[in-house]
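All remarks here apply to the structure that follows.
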Amino acid sequence: MSEPAPASTEPPALEATGLRKVYGDFVAVDDVGLTVPPGGALAVVGESGSGKTTTARMIAGLETPTAGTIRLGGLGRPGPRARTAERRRFAREIQMVFQDPYASLDRHQRVRDCVGEVLALHTGLRGSALDRKVAEQLREVGLDERQAGSLPRALSGGQRQRVALARALAVQPRVLVLDEAVAALDVSVQAQILTLLRNIRERTRVAYLFITHDLGVVRHVCDDVVVMRRGRVVERGPAASVLSGPRHPYTRHLLDAVPRPGWKPTRRTEPTGASS
């Protein structure tokens, strides 16, 4: 009988504890904790106003938490007096992809320059070495030389999201935050991007924090799921368990809202007995 494999001593790719965000008298996020192992994928799901995007923005460094801690690979975010090189090194560890890639891309910048700018800043590559790395990065997400020379307006929505992925992955982050990254795509393109994300994770061991309101896409990408309602976590666990046997009424409400064959719109109601 073989000995069990030793437990990994590698710290979590992402560990957030006690996150809280207050705007005046409004508590947007209240005591949220998340852990993603190296190469893992955690979905944070909930309807609009649940606090999931605010949580993601705090983790990505786009919002300052009112309270709580965020660690990447066991290291905390550098303070305001840290050197620029130290802050930039930490910024490489976590990258974010948004729902609307057109809004996050410079519409006057060609695709290869968009990716090259990030690589030059974080790696110091120049000249032909930079050009080769840019081409390699774009191939990784399924974009060719013609698309590399295009402006964002000449690309489809799915191609723009591939550019956003290439740019975010160019610096080899530890964690990739995907904020509704497939919500604006039609079903066939959405499936292509989800397959691409799954393949990238297998190749690179990048960890995903997948923010979505759609439980229907969670099972295709994520290992675990956290359900948020009114700024708090109401359920968490392995994605397969939560999706097949939800314990909280609010999670059941979200699952009931996933369209199925023959689905017809009905008036929306709050789940009976749901609590915050």
Legend entry - The one condition in (1) touching a residue at least 40 places away in the same chain (Cβ under 8 Å); (2) over 16 Å from Glu140 (Cα atoms); (3) among the hydrophobic types (A, V, I, L, M, F, W, C); (4) buried (at least 16 other Cβ atoms within 10 Å of the Cβ) that Val258 fails to fulfil: (4)
Legend entry - Arg167 crowded, with 23+ Cβ neighbours inside 10 Å, closer than 16 Å to Val111 by Cβ and not polar (S, T, N, Q): yes
Legend entry - Test: Val218 is buried (at least 18 other Cβ atoms within 10 Å of the Cβ), part of a strand (DSSP E or B) and either in contact with a strand residue (DSSP E or B) (Cβ under 7 Å, 6 or more places away or on another chain) or among the small types (Gly, Ala, Ser) (or both): no
Inset, instruction - Considering each residue of the range 121-130, count those that are part of a helix (DSSP H, G or I), on the phi < 0 side of the Ramachandran plot and exposed (fewer than 15 other Cβ atoms within 10 Å of the Cβ), and give that number. - result: 3
Inset, instruction - Being aliphatic (A, V, I, L, M), more than 21 Å from Thr195 (Cα to Cα) and assigned to a helix (DSSP H, G or I) is the filter here, so list the residues in the range 136-154 that pass it. - result: Ala148, Ala154
Legend entry - First in the range 74-88 and in contact (Cβ under 8 Å) with a residue 24 or more places away in the chain, second anywhere and surrounded by 13 or more Cβ atoms within 10 Å (Cβ to Cβ), Cβ under 6 Å, 6 or more apart: Gly74/Pro11
Legend entry - Single residue of the range 217-248 satisfying the filter (touching a residue at least 60 places away in the same chain (Cβ under 8 Å) and farther than 22 Å from Asp31 by Cα) that is farthest from the chain's Cα centre (by Cα): Asp223
Inset, instruction - Working only within the range 156-178, note down all residues that are outside any helix (DSSP H, G or I), at pLDDT 95 or above and under 13 Å from Pro101 (Cα atoms). - result: Leu178
Inset, instruction - Would you mind stating whether Ala13 is within 22 Å of Phe90 (Cβ to Cβ), aliphatic (A, V, I, L, M), surrounded by fewer than 16 Cβ atoms within 10 Å (Cβ to Cβ) and at pLDDT 95 or above? - result: no
Legend entry - Whichever residue in the range 80-120 is among the hydrophobic types (A, V, I, L, M, F, W, C) and over 18 Å from Leu62 (Cβ atoms) and, among such residues, is surrounded by the fewest Cβ atoms within 10 Å (Cβ to Cβ): Ala85
Legend entry - Single unsatisfied condition, Val22 versus (1) surrounded by fewer than 24 Cβ atoms within 10 Å (Cβ to Cβ); (2) of a type outside the set (Gly, Ala, Ser); (3) touching a strand residue (DSSP E or B) at 6+ places or on another chain (Cβ under 6 Å): (3)
Legend entry - Among (1) buried (at least 21 other Cβ atoms within 10 Å of the Cβ); (2) touching a residue at least 24 places away in the same chain (Cβ under 8 Å) - the single one Arg71 does not satisfy: (1)
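The values are calculated or read from the model by the stated rules, or taken from the named source; none is laboratory data. In this text, all values refer to a predicted model and were calculated from it rather than measured experimentally. We place every Cβ from the backbone using ideal geometry, glycine too, and count neighbours over all the protein chains shown.
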